[in-house]
1. Rounded to a whole number of µm²/s, how large is the Stokes-Einstein D of region 178-324 at 4 °C and 1.567 mPa s, given Rh as the Kirkwood radius over C-alpha pairs?
2. How much length is gained if the chain between Arg142 and Lys111 is pulled fully straight, taking 0.36 nm per residue apart and subtracting their Cα-Cα distance, in nm to one decimal?
3. For q values of 0.15, 0.16, 0.20, 0.21 Å⁻¹, compute log₁₀ I(q)/I(0) with the Debye formula on a Cα-only model of region 71-221, without solvent.
4. Taking 0.36 nm per residue of separation and subtracting the Cα-Cα distance, what length does fully extending Ser168 through Thr129 add?
5. What dipole magnitude, in Debye to the nearest 20, does the chain give about its Cα centre under +1 on Lys/Arg Cβ and -1 on Asp/Glu Cβ?
6. In deg cm²/dmol, rounded to 500, what helix-only [θ] at 222 nm does the chain give when every DSSP H run of at least 4 residues adds -39500 (n - 2.57) and the total is split over its residues?
7. Which one, Leu161, Val215, Leu171, is farthest towards the positive end of the dipole of region 156-225 when Lys and Arg carry +1 and Asp and Glu -1 on their Cβ?
8. Which lysines does Lys120 reach when only Cα atoms under 22 Å apart count, and residues fewer than 8 places away in its own chain are ignored?
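The values are calculated or read from the model by the stated rules, or taken from the named source; none is laboratory data. Remember, predicted model here, so these are calculated numbers, not experimental data. Cβ sites come from the backbone with ideal geometry, for glycine too, and all protein chains shown count toward neighbours. All accessible areas refer to the heavy atoms of the entire protein, side chains included, with ligands and DNA or RNA removed. Shrake-Rupley method; radii C 1.70, N 1.55, O 1.52, S 1.80 Å.
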Amino acid sequence: MLPKTFIRHISQFAGVRDAAKYVPRRALLYVPASNQKMLDKIPTMQADSVVIELEDGVALTAKAEARAQAAVALDKIPYHSLACQELGLRVNSVSSGLLEDDIKAISKAEKLPHAFMVPKVDSPEDLVTIYNIFREHYGDERITNTNTRLVIWIESARALLDMPRILSSTLNLHKQAGFFKLDAVVFGSDDFCADIGSTRSSHGTETLFARQKFVTCCKAFQLQAIDSVYIDIKDLDGLKRQSAEGRQWGFTGKQVIHPSQVSVVQEQFLPPKERIEWATELVHAYSEHESLGKGAFQFRGQMIDRPLLLQALNIIQLVERVQN
């Protein structure tokens, strides 16, 4: 694998995120905060991103208990020895009316999660509400003096159509106001299907257009794109097929709802050996041409420019993090 200093140099030249800060999210595994036994198992969970869940996985009658247990878990969990790459926390949406209660309770914890995760972001106006609630309960200093990332969900027809404006507004909140930096976007297929009146299937043809538009928008803003849940937890062959399809389309990870799905998904979202070799050799070749002041060039019969370089860097960053 390439030296980290070399990767950082090429990354900065290409205008992408620092490789040392790259967070793999091949699998997002939800852990309901109302289930203390599951919370206690978080340190040993192998999913790239383990998400403490306050939203759909928690019954309305258990929300208060879940908030209290989540706040305790954030301070109790040993971040330095986690088996996962990221500990996230998913709150409730703006439209639910529960977001402020979530943030008020969670802000009592001394530690922040690696990522705050906000579902059902339907408009830039939702972002203003989210930002104001976080500012009120965390304060500007705690928000700006942290490496905590932001992950949002797109789950409605309105949000999908307005996605470029939503992503742009979220990134601008980081640049202009110091809010958490948007790092990944998740496609919420169940709520999307309910919104448009379609029927969920294991083959996912009802969301084909939405998933392809979604991943295109994410990549236009250089953001990770996290694919939909595979609903049949017993059908691991179907999960494997849909995971491989998602990676081929450009998705960087997938949501999972059961630990048995994690290894299948993460294996499929790890690039094959020949793709890793391609990426490593391409970045070396690009560095040589860049030092000579040249632009596009041929590599293995392909014309190479910045977009292909970004693909190669994404592969190298992913492999570097998951193998450490």
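1. 76
2. Result for the pair: 10.2 nm of gain on full extension.
3. Result of the Debye calculation: -0.81, -0.91, -1.26, -1.34.
4. So the extension gain works out to 12.4 nm.
5. Once rounded to the nearest 20, the dipole reads 640 debye.
6. -15000 deg cm²/dmol
7. Leu171
8. Lys120 reaches Lys63, Lys104, Lys181, Lys213, Lys219, Lys254.
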